Amino acid sequence: MSLRLERGTVQLEPHDKYLDKTATQTIETLKSILGDDAIDIQHIGSTAIPAIKAKPIIDIVVEVTDFDRIMLHNEQLRRKGIFYQDSDVECQLLYVMGDMEADIRTHHIHIVKWNGTEWKNYIHFIDYLKANENMALQYENLKEEMEGRYADDRVAYTNNKQNMINRISGK
């Protein structure tokens, strides 16, 4: 799997163990920069589920107590190729990695509040799919169907997965 995807597009690829190694390296980089300002950091999203296909973008969630403290690290993060983006998701900050000039993304790093709903939803969702391969495969089937319909519209792709994500997350 090549780790890169043009922003706004959808392309699913089979799981690749390289992604696990890359996610672990990114988590270690984040821990070294954020230190005690990060309570926990986890690899989430479909690339964290070995049984299913995923977009070639690593999703990571960082649990914090204070968004302002994280923003103090922006220069250090930028030096490591981690760039702050305005988040389109309420109650989160979003950082990205990739080739910003070519509009290519390799990582989405979601910063969420400690013990908050967003953290719990991310962790419950990924843990549930890792433990329930049948449901993970159903999720993969939905993703493949949405990829066929919305290959050039990631917003529609994401929105059309939301009902299943909500059901799994207990929303």
(message) I'd like to know if the stretch 26-45 contains one or more residues that are of a type in the set (A, V, I, L, M, F, W, C), surrounded by 20 or more Cβ atoms within 10 Å (Cβ to Cβ), over 30 Å from Glu144 (Cβ atoms) and within 15 Å of the chain's Cα centre (by Cα).
(response) yes
(request) Would you check if there is a residue in the stretch 131-138 being within 17 Å of the chain's Cα centre (by Cα) and under 26 Å from Lys21 (Cβ atoms)? (result) yes
(request) Take the residues in the stretch 109-125 that are modelled with pLDDT of 95 or more and under 11 Å from the mean Cα position of the chain (by Cα), then tell me which one is farthest from Leu5 (Cα to Cα). (result) Ile111
(message) Checking Arg69 against (1) of a type outside the set (S, T, N, Q); (2) crowded, with 18+ Cβ neighbours inside 10 Å; (3) assigned to a helix (DSSP H, G or I); (4) touching an Asp or Glu at 6+ places or on another chain (Cβ under 8 Å), only one condition comes out false. Which one?
(response) (2)
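Every residue in the stretch 12-24 that is surrounded by fewer than 17 Cβ atoms within 10 Å (Cβ to Cβ) and either of a type in the set (Gly, Ala, Ser) or within 19 Å of Met146 (Cβ to Cβ) (or both), please.
In the first step, residues of the stretch 12-24 are kept if they are surrounded by fewer than 17 Cβ atoms within 10 Å (Cβ to Cβ); the result is 13-14, 16-18, 20-21, 24.
Listed by number, the residues that qualify are Glu13, Pro14.
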(request) Filter the stretch 125-143 down to residues that are touching a helix residue (DSSP H, G or I) at 6+ places or on another chain (Cβ under 6 Å) and under 16 Å from His43 (Cβ atoms), then give me how many there are. (result) 5
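Whether any residue in the stretch 75-87 is among the small types (Gly, Ala, Ser), at pLDDT below 95, in contact with a helix residue (DSSP H, G or I) (Cβ under 8 Å, 6 or more places away or on another chain) and more than 19 Å from Ile126 (Cβ to Cβ) is what I want to check. First the steps, then the outcome.
The first filter runs over the stretch 75-87 and keeps only residues among the small types (Gly, Ala, Ser), leaving 81, 87.
Next, only the ones that are at pLDDT below 95 stay: 87.
Next, from what is left, pick out any that are in contact with a helix residue (DSSP H, G or I) (Cβ under 8 Å, 6 or more places away or on another chain): none.
Checked the stretch 75-87: no residue is among the small types (Gly, Ala, Ser), at pLDDT below 95, in contact with a helix residue (DSSP H, G or I) (Cβ under 8 Å, 6 or more places away or on another chain) and more than 19 Å from Ile126 (Cβ to Cβ).
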(request) Report, by residue number, each residue of the stretch 60-108 that is free of Cβ contacts under 8 Å to residues at least 40 places away in the same chain, in contact with a Phe, Trp or Tyr (Cβ under 9 Å, 6 or more places away or on another chain) and under 22 Å from Gln25 (Cβ atoms). (result) Asn74, Arg78, Phe83, Tyr84, Gln85, Leu93, Leu94, Tyr95, Val96, Met100
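The values are calculated or read from the model by the stated rules, or taken from the named source; none is laboratory data. What you are looking at is a predicted structure, and each value in this text was computed from that prediction instead of being measured. Neighbour counts are summed over all protein chains in view; Cβ atoms, including those assigned to glycine, are modelled from backbone coordinates with ideal geometry.
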